[in-house]
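The values are calculated or read from the model by the stated rules, or taken from the named source; none is laboratory data. From a predicted model like this one, the values you see are computed outputs, not experimental measurements. Cβ sites come from the backbone with ideal geometry, for glycine too, and all protein chains shown count toward neighbours. The protein model used for the area step is the full one, side chains on, heavy atoms only, and it has no ligands, DNA or RNA in it. Shrake-Rupley method; radii C 1.70, N 1.55, O 1.52, S 1.80 Å.
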Amino acid sequence: MKVFKFGGASVMDAAGIRNLYRIVSEEAGNLVIVVSAFGKTTNALEKVLNSWLAGGDEYNHLLGVVYDYHLAVVDELFLSGHSSKSRVETSFAKLEEYLKSPVRNDYDCEYDQIVSCGEIWSTIIVEAYLKQSGLNVEWVDIRGNLITDDTFRDANVLWNESSAHIKSAFSFSERDIYVTQGFIGSTVAGQSTTLGREGSDYTAAIIANMLDAERVVVWKDVPGLLNADPKWMPGASRLQEISYREAVEMTFSGAKVIHPKTIKPLHNKNIPLYVKSFLSPGEEGTIIKADAVLREVVPVFIKKENQILISILPIDFSFVMGDNLSRIFYLFHRHGIKVNLVEASAVSVDVCIDDDRVRVETLLDDLKPEFTAVYNDDLELLSIRHYTSGAIELITCGREILLEQRTRSAVRFVVRRITPDLL
């Protein structure tokens, strides 16, 4: 039994869905297909959400654009009157009805109720096309099976509660293939949740763990894991195989090819993860596994943009270590802010985080009674694994280094760009 995950780029249009069919139709044996929202639908629904929260009727137009996009895909794949169209229309109508009511909850909760719809629409269409093409397939709503807590926008999976549901929903008693959603789940009470941006990889790993899958294959628009983002470094090269630990270090540093939480469920069951190109499915890709052999040590470059560097100093000038440090990171945790890098001195601590401005502003307000805090924004966090002096020069040229950290195998810089990026 295998788990395949297809991201938004692979199912952005009717041609992508036909290509998905060609890939999965070559597989023998049981298969779970985890699908993300089409193309940039998640981004589009975030705009719908923000417009709705701001008031006015502009959100109706934005949602209409998303609706027309999905209906255009349906019209290209199916004959007039196909049931998938009415299923998509019904789901859109439910969201429209939801948006007619006043805001009920905080931002994170409303985010999950609205943005999670993208995966529902994509999987309805994908499952219908695979069924029309002759495959023995069934659609599964992962909500109600993948149970989480109520940490909206970054929900934690309740493993014991979810495992029995997952095994029952994906029993393979009457079907060879199941199509389900990545990125989303639900609370015990039935409220939709999301697992964090780009969380569909994590969903695939969770299902693989619970069903003891043979392997997971993540289908991307790149030929595997590369030693850099090719949009940043066009000469990036493919890594043939890497260990679970190397993959965790890369994702923690900001590598975008797989979700940071993906590796642990696979490691715990020794399930290999293949990263392959949906554009060239016959090519090898990259294997992530326990006994990987690093055949050639090359620098791995990772860039996280839209970073903020916050410098925090106790008002009474007391040492930052001990109770002060505990208090600072309690506040970060309470506001749902993940720390990308930390540097502490005797009386101050510097913290690099993603620029989630709403959360940052509320954090700074909570820090004010006890701490002085200043920050720089519009920064980058650059990381190199297996660094060399030449690799460091390559990525720091034209940038002001605000903070630097080094270990034996990795170096990280918080930088401000002062000249155009020439890479």
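Computed over neighbours whose Cβ is under 12 Å from that of Tyr387, the net charge equals +2, Lys and Arg +1, Asp and Glu -1.
Dividing the Cα radius of gyration of region 1-131 by 2.2 N^0.38 Å, with N the residue count, gives 1.12.
In terms of its C-alpha gyration tensor, region 123-170 has an oblate overall shape, because the principal axis ratio a/c (a ≥ b ≥ c, square roots of the eigenvalues) is not below 1.5 and a/b does not outweigh b/c. With both labels modelled 7 Å from their Cα along Cα-to-Cβ, the Glu361 to Asp57 distance reads 2.8 nm. Each Cα pair under 8 Å and six or more residues apart adds its sequence gap; the mean of these over the residue count of the chain is a relative contact order of 13 percent. The modelled label-to-label distance for the pair Glu370/Asp141, using points 7 Å beyond Cα in the direction of Cβ, is 4.4 nm.
Mind listing P(r) for the chain? All alpha-carbon pairs, 10 Å bins, whole percents. Percent of pairs per bin, in order: 4, 20, 28, 27, 15, 4, 1, 0.
Note on region 275-371: the alpha carbon radius of gyration divided by the globular reference 2.2 N^0.38 Å gives 1.59. For Leu331, the shell of other residues with beta-carbons less than 14 Å away shows a net charge of 0, using +1 for Lys and Arg and -1 for Asp and Glu. Per q in 0.15, 0.32 Å⁻¹, report the Debye log10 I(q)/I(0) for region 5-56, using one uniform scatterer on each alpha carbon and no solvent. Scattering profile of region 5-56, log10 relative to I(0): -0.53, -1.16.
If you build a Gaussian network model of the chain, linking Cα atoms that sit under 10 Å apart, which residue out of Phe252, Phe329, Phe152 swings the most? With Cα springs under 10 Å in the chain, the top fluctuation among Phe252, Phe329, Phe152 is at Phe329. Taken over region 179-241, the convex hull of the Cα atoms encloses 119 Å³ per residue. Region 374-392 and region 266-335 have Cα centres spaced 14 Å apart. Among the GluC sites (Glu not before Pro) in region 263-331, those located in a DSSP loop and surrounded by at most 13 other Cβ atoms within 10 Å of their own Cβ are Glu283, Glu296.
For region 24-99, the extents of the C-alpha atoms along the principal axes are 51, 26, 19 Å, listed from largest to smallest. Comparing mean-square fluctuations of Pro223, Pro260, Pro102 from a GNM of the chain with C-alpha springs under 10 Å, the top value falls on Pro102. Please report the carbon-and-sulfur percent of the accessible area for region 282-423; probe 1.4 Å, protein heavy atoms only, DNA, RNA and ligands left out. So the carbon and sulfur contribution to the accessible surface is 53 percent.
Rounded to two decimals, the Cα-based Rg/Rh of region 120-250, with Kirkwood Rh, is 1.01. In this simple spin-label model, placing a label point 7 Å from the Cα along the Cα-to-Cβ direction at both Asp106 and Ser86 gives a separation of 4.2 nm.
With all projection directions averaged, the alpha carbon convex hull of region 356-415 covers 5.4 nm². Annotation: extensible slack from Arg215 through Asp150 equals 20.4 nm (criterion: 0.36 nm per residue apart, minus Cα-Cα distance). Here the gap between Ser168 and Arg417, fully extended at 0.36 nm per residue and compared with their Cα-Cα distance, gives a gain of 84.5 nm.
Annotation: amide H-H contacts under 5 Å for Lys220 (H modelled 1.01 Å from N, sequence separation of 5 or more, or interchain): Lys276, Ser277, Phe278.
Each listed q (0.10, 0.16 Å⁻¹) maps to a log10 I(q)/I(0) for region 78-155, found by the Debye formula over equal Cα scatterers with no solvent: -0.32, -0.73.
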